[in-house]
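Structure, as structure tokens:
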Amino acid sequence: MTRNLTTILKSKTKCVAISRDLPTTIIGERINPTGRKAVLEALRAGNFDLVRKDALDQAAAGATVLDINAGVPGADEPTLIQHILRNVVDVIDIPLCIDTANPQALAAALSIHEGKALINSVNGEEKSLDAVLPLAREHGAAVIGLCLDGAGIPPTAEARFSVAARIIERATKAGIALEDVIIDPLAMAMSADSYAGRIALDTIQWVVKEFGVNISMGASNISFGMPDRKYINATYIAMAIHAGLTCPITNPLLPEVNVAILAADLSMGRDEYGMGWIKAYRKREKERKVQ
Ligand code: THG
């Protein structure tokens, strides 16, 4: 029997449970200057209004966790990520996913996050494992493990599974509960490699069957370089949910992706009596009438 482990994240007063037995958890991707030019320019100008708006908009559209990335070239990342966190918690009480490769920035963010955060991320490289796992343990945070190591991103599902297994082994040895490790199989652009989508889906299935852990990924990476990306993203995310994806990092403001997630949850028996689907339908109808 495959286990479906539950990861609990917390903000000051809210609690989010991630599991294959529950509707998909959307981690809102928009607070990210690396991925979004508008955020980069606002942060460079010392303006946090867009960050605050992105936090509110994404939560209103269904995100229950927010990814926070402070990757502004040349900026003091530990200070900047704390400023972003303070602005977000000022407008909304929601668990955060700390998206940084900088251990100082990670420690700075964890030191002011109330509740139980999600660290994004650790990878299979010794340097990363040694820096990130003790911080996760110290702050009682959950952690996303990326299926890559010093040799790069493995080209097969089998090799990505091996990296996931190593991260899980090291994390549990470091005192982190298995349910607090979330694996990211790495969705890469299919325009560059036709097998990129397939490899990530196969990796998800292997990891889920062996460990029962939760699965995250940046699900929109898959369509980079392609036209009409929304259709690819929507179809791919539904397929990944079937494979075992539980907490994609995505943009909940895109209706196509949102609807695909709801339909996938309904199809997977994760939406009791279709209440999630019906509620979202009523919300769309209301918005159509306003327009
Ligand atoms: N795995 C994990 N974390 C991740 C990723 C992943 N974090 C970063 C990234 N990948 C996911 N986040 C984003 C954030 C924003 C955008 C895409 C991915 C985005 N991109 C616009 C686009 O695609 O066209 C840019 C347009 C703009 O400038 O506004 O918005 O894979 N663990």
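The values are calculated or read from the model by the stated rules, or taken from the named source; none is laboratory data. Bear in mind the structure is a predicted one, so any value in this text is a computation, not a measurement. Here the Cβ positions follow ideal geometry from the backbone for every residue, glycine too, while neighbour counts run over all protein chains shown. The accessibility values were calculated without ligands, DNA or RNA, using every heavy atom of the protein model including side chains. Shrake-Rupley method; radii C 1.70, N 1.55, O 1.52, S 1.80 Å.
With charges set only on the Cβ (+1 for Lys and Arg, -1 for Asp and Glu), what does the dipole of the range 174-291 come to about its Cα centre, in debye to the nearest 20?
Working: 12 positive and 13 negative charges, 136 e Å.
Approximately 660 debye in magnitude.
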#### Entry: Dipole in debye (nearest 20) - the range 222-291, about Cα centre, beta carbon charges: Lys, Arg +1; Asp, Glu -1
320 debye
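Leaving out ligands, DNA and RNA, what percent of the accessible area of the chain is carbon and sulfur, probe 1.4 Å?
On the way: 7430 of 13520 Å².
Whole-percent figure for carbon plus sulfur exposure: 55.
Can you tell me how the chain classifies by the Cα gyration tensor, rounded, prolate or oblate, using a/c under 1.5 as the rounded cut? Intermediate values should be presented prior to the final figure.
Values: a/c = 1.34, a/b = 1.04, b/c = 1.29.
In terms of gyration-tensor shape, rounded.
For residue 76 and residue 90 in one chain, what is 0.36 nm times their gap in residues minus the Cα-Cα distance, to one decimal in nm? List each step's numbers first, then the result.
Values: separation 14, 0.36 × 14 = 5.04 nm, distance 2.13 nm.
Gain on extension, residue 76 to residue 90, equals 2.9 nm.
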#### Entry: Inter-part distance where the range 135-188 and the range 253-277 are each reduced to a Cα centre, Å
28 Å
## Note on the structure
At R0 = 30 Å the Cβ-Cβ FRET efficiency linking residue 272 and residue 231, nearest 0.05, sits at 0.60
### Task
List, in order, the whole-Hz ³J(HN,Hα) value for each residue of the range 81-90 obtained from phi through the Karplus relation with A = 6.51, B = -1.76, C = 1.60 and θ = phi - 60°; use x for Gly and Pro.
5, 5, 4, 5, 4, 5, 5, 5, 5, 5
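Is the shape of the range 194-291 best called rounded, prolate or oblate, per the rule: a/c under 1.5 gives rounded, else a/b larger than b/c gives prolate, else oblate, with a ≥ b ≥ c the square roots of the Cα gyration tensor eigenvalues? Provide the component values of the computation, followed by the final result.
Numbers: a/c = 2.85, a/b = 1.38, b/c = 2.06.
Taking the square roots of the gyration eigenvalues as a ≥ b ≥ c, the range 194-291 is oblate.
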### Query
Non-local amide H neighbours of residue 26 (under 5 Å, H modeled in plane, Pro and chain starts lacking H): which ones?
64, 65
### Summary
The answer for the range 151-261, accessible area per residue at 1.4 Å probe in Å², is 41 Å²
#### Entry: For the chain, with +1 on Lys and Arg beta carbons and -1 on Asp and Glu, the positive-most of 291, 18, 51 along the dipole
291
### Summary
Over the range 22-116, with neighbouring protein chains present, the accessible area per residue in Å² at probe 1.4 Å is 41 Å²
### Task
Note down the accessible area of residue 281, probe 1.4 Å, to the nearest 10 Å².
100 Å²
### Task
List the lysines whose Cα lies under 27 Å from the Cα of residue 127, skipping any in the same chain that are fewer than 8 positions away.
116, 173
### Query
To the nearest µm²/s, what D does Stokes-Einstein give for the range 122-248 at 25 °C and 0.890 mPa s, using the Kirkwood radius over alpha carbon pairs as Rh?
167 µm²/s
### Long-range HN-HN contacts of residue 182 with modeled amide H, under 5 Å
143, 144, 145
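If you stretched the chain out fully between residue 242 and residue 53, how much longer would it get, using 0.36 nm times the residue separation minus the C-alpha to C-alpha distance? Provide the component values of the computation, followed by the final result.
Details: separation 189, 0.36 × 189 = 68.04 nm, distance 3.20 nm.
Difference between extended and current length: 64.8 nm.
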## Note on the structure
Karplus ³J(HN,Hα) for the range 279-288 (6.51 cos²θ - 1.76 cosθ + 1.60, θ = phi - 60°; Hz, whole; x = Gly/Pro) runs 4, 5, 4, 4, 5, 5, 4, 4, 5, 4
### Query
Along the charge dipole of the range 35-136, Cβ charges K/R +1 and D/E -1, which of 115, 100, 42 sits furthest on the positive end?
42
#### Entry: Model label zone, residue 291; criterion: amide N under 13 Å from point 7 Å along Cα-to-beta-carbon; scope the range 232-269
254-256
## Note on the structure
Looking only at lysines whose Cα falls under 21 Å of residue 289's and that sit 8 or more positions away or on another chain, we get 279
#### Entry: Under 5 Å, built H, 5+ apart or other chain: amide partners of residue 92
none
### Message
Please list 3J(HN,Hα) in residue order for the range 94-103, calculated via the Karplus relation 6.51 cos²θ - 1.76 cosθ + 1.60 where θ = phi - 60°; whole Hz, with x for glycine and proline.
### Response
8, x, 10, 10, 7, 9, 7, 9, 9, x
#### Entry: the chain: antiparallel DSSP beta bridges as a percent of all, rounded to 5
20 percent
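Just from its helices, what would the mean residue ellipticity at 222 nm be for the chain, if runs of 4 or more DSSP H residues each count -39500 (n - 2.57) and the sum is divided by every residue, rounded to the nearest 500 deg cm²/dmol? Walk me through the intermediate numbers first.
Numbers: 10 runs with 136 residues, N = 291.
Counting only the DSSP helices, I get -15000 deg cm²/dmol.
Work out the FRET efficiency for residue 10 and residue 194 from their Cβ-Cβ distance, taking R0 = 51 Å, and round it to the nearest 0.05.
On the way: r = 41 Å, r/R0 = 0.80.
Step by step, r from the Cβ atoms, then E = 0.80.
Please get the size of the charge dipole for the chain, origin at its Cα centre, with Cβ charges of +1 on Lys and Arg and -1 on Asp and Glu, quoted in debye to the nearest 20.
On the way: 31 positive and 33 negative charges, 158 e Å.
Using Cβ point charges on Lys, Arg, Asp and Glu, the chain gives about 760 debye.
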